[in-house]
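To start, the structure under review is shown below, and the notes come after it.
The values are calculated or read from the model by the stated rules, or taken from the named source; none is laboratory data. Being a predicted model, the structure only gives us computed values, none of them experimental. Here Cβ is always computed from backbone atoms with ideal geometry, including for glycine, and neighbour counts include all displayed protein chains.
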Amino acid sequence: MADIEVPDPNEAEEKAGDPFTKKIALCVAVYAVALAVTALGGSNAGKDMVMAQQQASNQWAYYQAKVMRENMYILEAEKLQLDMDLLGTELKPAQRTRMEQSRNKYLAKAEEYAKEKKDILEDAKKLEAERDVAARRDPYFDYAEVLLQIAIVLASVAMLSGKRWAFYGSLALAGLGVLLCTNGYGLFVKLPGLG
């Protein structure tokens, strides 16, 4: 059976009192906070993207319903006009007046739907723009999360091994992760491949 090495309690106390270890522990705490803020941003961007897409889809469906109603009224008005043209002088004045009133009512209703369509169209496009902004934000948060997680791992390696290169690597990755997170919130710079 292989011998198991039990850590010396004095060695653990000595490690805990080391200023380098304390500095790393503090950095890991800061990294964890940055990771939490990044995860929140990524989660919100994903939710915003899905919600805006849903709302835009609803607006487009509403738009289609208005188009169908508008077309229905236009077709009815055209049918009445065709009937009036075909019947011509056979129509009594009262009948013609009634048909013209109905035709005008249908045309007015169609015009009302046409105006409503414009507002619905604008709303749908605004929602799609919101969706697109959230979609542009999301990758920045994703990559920032990965970099911050790797930074935490490297900092842990540095803490256990005392290797300074691992600590400096964790600082660099965490710094880059924080920059990406900040850019995810503000979209200050458009990076190729990230949105």
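Quickly run through the range 164-183 and pick out the residues that are surrounded by fewer than 16 Cβ atoms within 10 Å (Cβ to Cβ) and over 20 Å from L40 (Cβ atoms).
Scanning the range 164-183 gives R164, W165, Y168, A172.
For the range 154-163, enumerate the residues that are in a helix (DSSP H, G or I) and either among the polar types (S, T, N, Q) or surrounded by fewer than 16 Cβ atoms within 10 Å (Cβ to Cβ) (or both).
Across the range 154-163, the qualifying residues are S156, L160, S161.
Would you say K47 is more than 33 Å from the chain's Cα centre (by Cα) and either more than 30 Å from S102 (Cα to Cα) or not in a helix (DSSP H, G or I) (or both)?
no
Inside the range 158-186, can you point out the residues that are under 18 Å from L35 (Cα atoms) and either at pLDDT below 95 or of a type in the set (G, A, S) (or both)?
Once the filter is applied, which keeps residues that are under 18 Å from L35 (Cα atoms) and either at pLDDT below 95 or of a type in the set (G, A, S) (or both), the range 158-186 yields G169, S170, A172, A174, G175, G177, G184, G186.
The rows are residues; the columns are (1) surrounded by fewer than 16 Cβ atoms within 10 Å (Cβ to Cβ); (2) more than 30 Å from L191 (Cα to Cα); (3) touching a strand residue (DSSP E or B) at 6+ places or on another chain (Cβ under 9 Å); (4) not small (G, A, S).
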position: A56; (1), (2), (3), (4): no, no, no, no
position: V67; (1), (2), (3), (4): yes, yes, no, yes
position: R98; (1), (2), (3), (4): yes, yes, no, yes
position: S102; (1), (2), (3), (4): yes, yes, no, no
